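These notes are about the structure you will find just below.
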């Protein structure tokens with residue numbers, strides 16, 4: 001994992017823990033911290049699958065609208081719609097965390113780390129599959145003969 005990715009993971013995790021800690025006095029009980037839990041009848045394997053799909057859909061929205069330079073800049077709208085759709089579909093099933101940090105903060109503060117695999121492995125699988133799919137199937141193939149930063153036009157005409 002690169003330094004930038006590690007810094008992002010640490011920042012999100014610390015932010016989630018600090019936010020849950022700050023909210024504890026407001027709710028005066030750990031039950032108000034909204035720690036994601038599995039819905040009735042949902043086992044951990046199903047939970048992992050639900051979180052993987054929800055995170056995958058969200059990641060497609062992020063990469064496809066906010067990162068890919070070929071797409072129209074509708075990132076905020078489409079990412080917001082992906083989050084809303086994820087909450088509507090997965091909220092009753094897994095609380096639709098779609099990010100390990102969303103689970104981690106309340107879990108640490110409440111001391112309840114049960115079913116951690118749902119909110120850690122699920123999102124990692126979803127994001128990983130989409131990242132590989134996007135990288136190898138949707139991104140244009142790079143011209144390996146061309147040096148990065150080479151100002152020569154691809155057709156060789158100047």
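The values are calculated or read from the model by the stated rules, or taken from the named source; none is laboratory data. Keep in mind that this is a model prediction, so the values were computed, not measured. Every residue, glycine as well, gets a Cβ built from its backbone with ideal geometry; the counts of neighbours run over all protein chains shown.
Miscellaneous remarks
- Only one of 101, 66 that is at pLDDT below 95 and crowded, with 17+ Cβ neighbours inside 10 Å: 101
- Of the residues 125, 108, the single one that is at pLDDT 95 or above and in contact with a helix residue (DSSP H, G or I) (Cβ under 7 Å, 6 or more places away or on another chain) is 125.
- Considering residues of region 1-37 that are over 16 Å from residue 104 (Cβ atoms) and part of a loop (DSSP other than H, G, I, E, B) only, the residue modelled with the highest pLDDT: 2
- Residue pairs meeting the criteria (Cβ under 9 Å; at least 6 apart or on separate chains; first closer than 20 Å to residue 137 by Cβ, in region 60-76; second modelled with pLDDT of 85 or more and outside any helix (DSSP H, G or I)): none
- Qualifying position, being within 14 Å of the chain's Cα centre (by Cα), farther than 24 Å from residue 11 by Cα and at pLDDT 95 or above, among 118, 50: 50
- Among the residues of region 49-89, those identified as more than 22 Å from residue 128 (Cβ to Cβ) and outside any helix (DSSP H, G or I) are 69, 70, 72, 73, 74.
- Taking (1) surrounded by 12 or more Cβ atoms within 10 Å (Cβ to Cβ); (2) in a helix (DSSP H, G or I) in turn, residue 42 satisfies each apart from (2).
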